[in-house]
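Read the structure below first, then the notes.
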Amino acid sequence: MLHKVRWIRGKTCEQLLQQYVTYVKSKYGSGVVVVFDGYGSMPSTKDHEHRQRQSRLSKVAPAVSLDAMKQMFFDQQQFMANNHNKVEFIARLIVALNSAGLQMHQSSGDADTDIVAVALHCASSGSVTVFADDTDILCLLLYHTSEPLSDIFFWSEGEKVKTIDKCINIKSLHGKIGYNMCQQILVLHALGGCDTTSAIFGHGKGTLFMRLGRNDRLRNHVETLQNAAVTHTDFMCFNIIK
């Protein structure tokens, strides 16, 4: 959301914040819940992505102290590439969105699990749409969805003008994939590459999915990997059998 609203140079910080409030309300309505990543001083799964964004810029804006009437002449991307600036701006944006009657959450780090937790909570009382472009969130929704919940839709917006948005009914996709495969999709996603793991060379997610679906022994190994109580010995046995 931080990058969807285009800044007009020379606007005050307060005016830019109101741009975001108007954008959220006009696009998503008043019943929206916004979940932000957290940007602490400790290493996080987003550090690599942040470094990639910075490497694509000619320069990064200096750290600035924000106040409501401060005019913003910085390039938006360069301003956001400075972690100090992003943290300060998000803190003010949360206050502005809260004042407009919108629900806000900020995670301590990566927001994926919190986004899914909020979606599941909302789905306990009615259908909900999750607007995100992260495959991690899609996999978590498939893993955690259950029959008593209302419909959850995963809406991924096209990055370019000509790219078509995708809307996925989680329950429908869950039914097509099957319960057993959905219960093992987190390991499959990790082996195929995600925010915290690299993909196995030469094995895409589709190949892994097909192999896992045909091989009972592999599924048993996946259950071992997903077991929070697994011992070192259990994992070593899995490694030897593999």
Peptides 193-203, 139-149 ordered by average Cβ neighbours within 10 Å, highest first: 139-149, 193-203
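Contour minus end-to-end for His105 and Arg9, with contour as 0.36 nm per residue of separation and end-to-end as the Cα-Cα distance?
Extra length available between His105 and Arg9 comes to 31.7 nm.
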Mind listing the Cα extents of the range 184-241 along all three principal axes, in Å, largest one first? 29, 27, 18
Give the distance, in whole Å, between the Cα centre of the range 58-130 and the Cα centre of the range 140-215. 26 Å
How would the range 93-132 be classified by its alpha-carbon gyration tensor: rounded, prolate or oblate, with rounded meaning a/c under 1.5 and the a/b versus b/c comparison settling the rest? oblate
Extending each Cα 7 Å along its Cβ direction at Leu2 and Leu173, get the distance between those two points in nm, one decimal. 2.5 nm
Can you give the convex hull volume per residue for the Cα atoms of the chain, as a whole number of Å³? 164 Å³
With 0.36 nm assigned to each residue of separation and the Cα-Cα distance removed, Gln183 to Ser30 gains 51.7 nm
For the charge dipole of the chain, defined by +1 on Lys and Arg C-beta atoms and -1 on Asp and Glu C-beta atoms about the Cα centroid, which residue among Leu93, His144, Val187 has the Cα displaced farthest towards the positive pole? Leu93
Helix-only mean residue ellipticity at 222 nm, the chain, DSSP H runs n ≥ 4 weighted -39,500 (n - 2.57), per residue, nearest 500. What is it? -14500 deg cm²/dmol
Treating each Cα of the range 83-196 as an identical point scatterer and ignoring solvent, apply the Debye formula and state log10 I(q)/I(0) at q = 0.09, 0.13, 0.22 Å⁻¹. -0.29, -0.61, -1.31
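State the extension gain, in nm to one decimal, for the chain segment bounded by Leu66 and Glu147, taking 0.36 nm per residue of separation less the distance between their alpha-carbons. List each step's numbers first, then the result.
Working: separation 81, 0.36 × 81 = 29.16 nm, distance 4.68 nm.
Difference between extended and current length: 24.5 nm.
Mind checking the dipole of the range 184-241: about its Cα centre, +1 per Lys or Arg Cβ, -1 per Asp or Glu Cβ, Debye to the nearest 20? Write out the running numbers ahead of the final one.
Details: 5 positive and 4 negative charges, 50 e Å.
It works out to roughly 240 debye.
Coordinate-derived values only; no laboratory data. Every value quoted in this text rests on a predicted model; they were computed, and no experiment measured them. Methodologically, a virtual Cβ is constructed for each residue, glycine included, from the backbone with ideal geometry; neighbour enumeration extends over all protein chains shown.
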